[in-house]
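The values are calculated or read from the model by the stated rules, or taken from the named source; none is laboratory data. Please read all numbers here as calculations on a predicted model, not as lab measurements. Here the Cβ positions follow ideal geometry from the backbone for every residue, glycine too, while neighbour counts run over all protein chains shown. We work out accessible area using only protein heavy atoms, side chains counted, and drop any ligands, DNA or RNA first. Shrake-Rupley method; radii C 1.70, N 1.55, O 1.52, S 1.80 Å.
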Amino acid sequence: ANVVQYLFKAGTYTFNIDLRTRNSGSSLSDVKTITVTITADPLSSIAVQGTPDINFSYGSLADYQTSKSVNIPNHLLITNNKNYEVYVKSGTANFTRSSIATTIPASIVQVQNGNGETAVTSRTLSTTSQSIINNAGSVINRQLSLKYTIPAAQTLQFLGKQTGTTPYILTVIYS
């Protein structure tokens, strides 16, 4: 706990320790100074927690007429001992089905604040990295809740496409 509290930020920390010896009469007989240096290297990690899959299901007329959202509590786990930013992008410009590119664009999906979050800037997915968190302070094990949304206006992208049990897939990348 003390290391986290006092030495978590990246940098070099130096301090001296004086070792004092006393003779049998309790008088100071010698002082030796030891220099201690601790180097805390930059530390940055981001991990997807739990099940990484976000599933949207379209099976009724109502599904196509309303926005659909999937909230993922504590979706990302972030540790960084410097100020940091989090970026999101899609792995491809379009969804794939059976590893074949489709005409359904990644841009139909929005990444937003999950329940209880306020720090996330909403973004529409694309193959360009976009910042969803800016200039956040150092943290250990920050759990970030995210919500994925497909607005009602975008559901038309699914009309006329193949149906069945083979899913449409899009890879989302965080950095």
Requested in this report: Only residues in the range 17-45 that are closer than 30 Å to Asn141 by Cα count as the first member; pair them with residues that are assigned to a loop (DSSP other than H, G, I, E, B) and open to solvent by 90 Å² or more (accessible area, probe 1.4 Å), Cβ under 7 angstrom, at least 6 apart or cross-chain, and list the lot.
Outcome: Ala40/Lys9; Pro42/Lys82
Query - Hits in the range 116-139 (condition: β-branched (Val, Ile, Thr) and within 12 Å of the chain's Cα centre (by Cα)) - result: Val120, Ile132, Ile133, Val139
**Report entry** Residues satisfying the stated conditions in the range 42-57, i.e. exposed (fewer than 15 other Cβ atoms within 10 Å of the Cβ) and within 25 Å of Thr165 (Cβ to Cβ)
**Finding:** Val48, Gly50, Thr51, Pro52, Asp53, Asn55, Ser57
Requested in this report: Go through the range 84-113 and give me each residue that's open to solvent by less than 30 Å² (accessible area, probe 1.4 Å), modelled with pLDDT of 95 or more and within 14 Å of the chain's Cα centre (by Cα).
Outcome: Val86, Val88, Val111
Report summary line: Taking the range 148-161 and the residues there that are in a loop (DSSP other than H, G, I, E, B) and surrounded by 10 or more Cβ atoms within 10 Å (Cβ to Cβ), the one that is modelled with the highest pLDDT would be Pro151
Query - Residue satisfying all of: in the range 114-143; at pLDDT below 95 and hydroxyl-bearing (Ser, Thr, Tyr); surrounded by the fewest Cβ atoms within 10 Å (Cβ to Cβ) among these - result: Thr118
Report task. Give the range 162-175 a look and list any residue that's part of a loop (DSSP other than H, G, I, E, B) and either under 19 Å from Lys147 (Cβ atoms) or touching a residue at least 24 places away in the same chain (Cβ under 8 Å) (or both), or say none. Result -> Gln162, Thr166, Pro167, Leu170, Thr171, Ser175
Report summary line: Within the range 1-31, of all residues that are within 18 Å of Asn81 (Cα to Cα), open to solvent by 90 Å² or more (accessible area, probe 1.4 Å) and assigned to a loop (DSSP other than H, G, I, E, B), the one modelled with the highest pLDDT is Lys9
